[in-house]
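Input: a single structure, listed below in structure tokens.
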Amino acid sequence: MARLIKTDGEIVSDVDISSLEKMQNLVGGYIQIVYLEGQRMLIVNEEGLLNKLPINDNASELYGHPLVGNVIDCTNKELNERI
């Protein structure tokens with residue numbers, strides 16, 4: 001179940017990632033995929049640093065490096081099933 005990790009700490013469960021447009025709306029711009037161990041991935045705003053989006057502490061902790069803006073946390077299988 002894909003979830004949105006917001007910069008304010010809120011986590012929204014079961015977000016719709018069935019299209020590129022929906023994913024872009026969730027992260028606020030062009031998307032970039034960051035791969036984690038196993039089948040998990042994070043979908044981030046590709047231009048988040050350029051747009052000076054705020055640091056996302058929860059997503060950064062998952063990745064082990066700073067990430068900014070709202071981030072979608074999902075699995076490879078979820079992404080492939082929905083698009």
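Lysines within cross-link reach of LYS22: Cα-Cα under 16 Å, excluding same-chain residues under 8 positions apart?
Answer for LYS22, where 16 Å is the Cα cut-off: LYS6, listed by chain and number.
With θ taken as phi - 60° and the coefficients 6.51, -1.76 and 1.60, list the Karplus ³J(HN,Hα) couplings across the range 3-20 in order, rounded to whole Hz; mark glycine and proline as x.
Rounded to whole hertz, the list is 9, 9, 9, 8, 5, 7, x, 5, 10, 9, 7, 6, 7, 7, 10, 7, 8, 4.
In whole Hz, with x marking every Gly and Pro, tabulate ³J(HN,Hα) for the range 63-73 from phi via Karplus 6.51 cos²θ - 1.76 cosθ + 1.60, θ = phi - 60°.
Per residue, the Karplus-derived 3J(HN,Hα) values read 7, x, 9, x, 10, 10, x, 5, 10, 8, 10 Hz.
Considering the convex hull of the alpha carbon atoms of the range 3-82, report its projected area averaged over all viewing directions, in nm², one decimal.
Numbers: hull surface 18.4 nm².
So the Cα hull casts an average projection of 4.6 nm².
To the nearest 0.05, what FRET efficiency results for ILE55 and SER13 with a Förster distance of 25 Å applied to their C-beta separation? Walk me through the numbers before you get to the answer.
Values: r = 22 Å, r/R0 = 0.89.
About 0.65, to the nearest 0.05.
Over what distance in Å are the Cα centres of the range 43-83 and the range 10-24 separated?
11
Every read-out reported here was derived from the displayed coordinates using simple, explicitly stated rules and does not represent laboratory data. Everything numeric here is computed off the predicted structure, so don't read it as measured data. A quick note on method: Cβ atoms are made from the backbone with ideal geometry, for glycine too, and the neighbour counts reach across all protein chains shown.
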